[in-house]
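Novice: So that we are looking at the same thing, I have put the structure below in structure tokens.
The values are calculated or read from the model by the stated rules, or taken from the named source; none is laboratory data. Being a predicted model, the structure only gives us computed values, none of them experimental. As a convention, Cβ positions derive from the backbone with ideal geometry for all residues, glycine included, and neighbour counts pool all protein chains shown.
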Amino acid sequence: MKSIFFVVILNFFFNYFTIAQTSTDTIYRSINTQQGDSLIQANSGNSNFIILDMRTPSEYSGGHVQNAINMNYNSPTISSDLDALDKNKIYLLYCAAGSRSTATFNLMKTKHFRELYNMLGGISQWISLGYPVVTGTTEITENSVESIFEIFPNPCSSNLFINCVSTSIDKIKLYDFIGREVQVEIIRVSENKININLNAINRGIYFVCLIEDNNTFTERVIVY
């Protein structure tokens, strides 16, 4: 009887630690273009699947994989930009030929992202094999707001404040990294100061859009 009880307990702990280990497993793979296309097709409509184009904005606008998001590897803020991403999502990386995506792939591994795929050959191989690209930019473009608005603190964890030189702001909108509008509480503290409550949103990269008359001013903020 004791031996049976011991076996049951042993099996319990074995299964427990096996499940615990599986839940923290990571997947890091370098794949070819055909495998990249298959991965994209398999994750069509999956909001947890993100394609990152690691080239410059001008390269990106010249032609990119559909639904890819531009994240410039050469940006001085690349490390903090990656830190703001959800580490539990699935990421497919590519660049022009593979060097920048490989460097990003290795950097993201050190940051303990859960599932990463690096498409070797990049957009060059993608185009040469006849896969489609889209041109232009789908990302929200930043422009300078320093002379008109002061936005702080950035990065931010809870409350984001905006000091306004002008008081004729018509609208304030917040967008996530892929351009979806995010609903947040906006409080006008005083005539020239506005508070955006970020407590209810996930960590990540967002864009604050300030609309004044017919002008729109955009500032990137990092929520951690």
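Novice: Of all residues in the stretch 186-202, how many are within 25 Å of Ala84 (Cβ to Cβ), aliphatic (A, V, I, L, M) and loosely packed, with under 13 Cβ neighbours inside 10 Å? Steps first, please.
Specialist: Residues of the stretch 186-202 that are within 25 Å of Ala84 (Cβ to Cβ), as a first pass: 186-187, 194-202.
Okay, now just the ones that are also aliphatic (A, V, I, L, M), so 186-187, 194, 196, 198, 200-201.
Subsequent filtering for residues that are loosely packed, with under 13 Cβ neighbours inside 10 Å retains 187, 200.
So the answer is 2.
Novice: Please find, within the stretch 84-99, the residue that is surrounded by the most Cβ atoms within 10 Å (Cβ to Cβ) out of those that are in contact with a strand residue (DSSP E or B) (Cβ under 6 Å, 6 or more places away or on another chain) and modelled with pLDDT under 95.
Specialist: Ala84
Novice: Here's a follow-up. Give me the strands (runs of 3 or more DSSP E) completely within the stretch 171-224, filtered to those with at least 2 residues that are modelled with pLDDT under 85 and not assigned by TED's automatic domain parsing to the domain that holds Ile78, ordered by residue number. Before you say what the answer is, go through the steps one by one.
Specialist: Working: elements: 185-188, 193-197, 204-212, 215-223.
In the stretch 171-224, the matching strands (runs of 3 or more DSSP E) lie at 185-188, 204-212, 215-223.
Novice: Kindly check whether there is at least one residue in the stretch 116-126 that is at pLDDT below 85 and either surrounded by 11 or more Cβ atoms within 10 Å (Cβ to Cβ) or within 22 Å of Met71 (Cβ to Cβ) (or both). It would help to see each step written out before you state the result.
Specialist: Initially, the stretch 116-126 is screened for residues at pLDDT below 85, giving none.
No, because not a single residue in the stretch 116-126 is at pLDDT below 85 and either surrounded by 11 or more Cβ atoms within 10 Å (Cβ to Cβ) or within 22 Å of Met71 (Cβ to Cβ) (or both).
Novice: Please verify whether Ser58 is of a type outside the set (Lys, Arg), closer than 20 Å to Ile27 by Cα and either free of Cβ contacts under 8 Å to residues at least 12 places away in the same chain or in a strand (DSSP E or B) (or both), treating the condition exactly as stated. Before you say what the answer is, go through the steps one by one.
Specialist: On the way: of a type outside the set (Lys, Arg): yes; closer than 20 Å to Ile27 by Cα: no; either free of Cβ contacts under 8 Å to residues at least 12 places away in the same chain or in a strand (DSSP E or B) (or both): yes.
When the stated conditions are applied, Ser58 does not pass them.
Novice: Next up: Against the condition within 29 Å of Gly62 (Cβ to Cβ), in a strand (DSSP E or B) and either aromatic (Phe, Trp, Tyr) or modelled with pLDDT under 85 (or both), how does Tyr131 come out, does it pass? So that I can check it myself, show each step before the final result.
Specialist: Working: within 29 Å of Gly62 (Cβ to Cβ): yes; in a strand (DSSP E or B): no; either aromatic (Phe, Trp, Tyr) or modelled with pLDDT under 85 (or both): yes.
Answer is no for this residue.
Novice: Follow-up. Which number in (1) surrounded by 15 or more Cβ atoms within 10 Å (Cβ to Cβ); (2) on the phi > 0 side of the Ramachandran plot marks the one condition that Gly130 misses?
Specialist: It is condition (1) that Gly130 fails.
Novice: Let me ask something additional. Condition test on Gln21, is it modelled with pLDDT of 95 or more and either part of a helix (DSSP H, G or I) or loosely packed, with under 10 Cβ neighbours inside 10 Å (or both)?
Specialist: On the way: modelled with pLDDT of 95 or more: no; either part of a helix (DSSP H, G or I) or loosely packed, with under 10 Cβ neighbours inside 10 Å (or both): yes.
No, not satisfied.
Novice: Pick out the one residue from Thr110, Thr104 that is surrounded by 14 or more Cβ atoms within 10 Å (Cβ to Cβ), modelled with pLDDT of 95 or more and of a type in the set (Val, Ile, Thr).
Specialist: Checking each option against the conditions leaves just Thr104.
Novice: Something else about it: Hey, any hits in the stretch 47-66 for a residue that's over 21 Å from Tyr224 (Cβ atoms), touching a Cys at 6+ places or on another chain (Cβ under 6 Å) and not aliphatic (A, V, I, L, M)?
Specialist: Yes; the residues of the stretch 47-66 include at least one that is over 21 Å from Tyr224 (Cβ atoms), touching a Cys at 6+ places or on another chain (Cβ under 6 Å) and not aliphatic (A, V, I, L, M).
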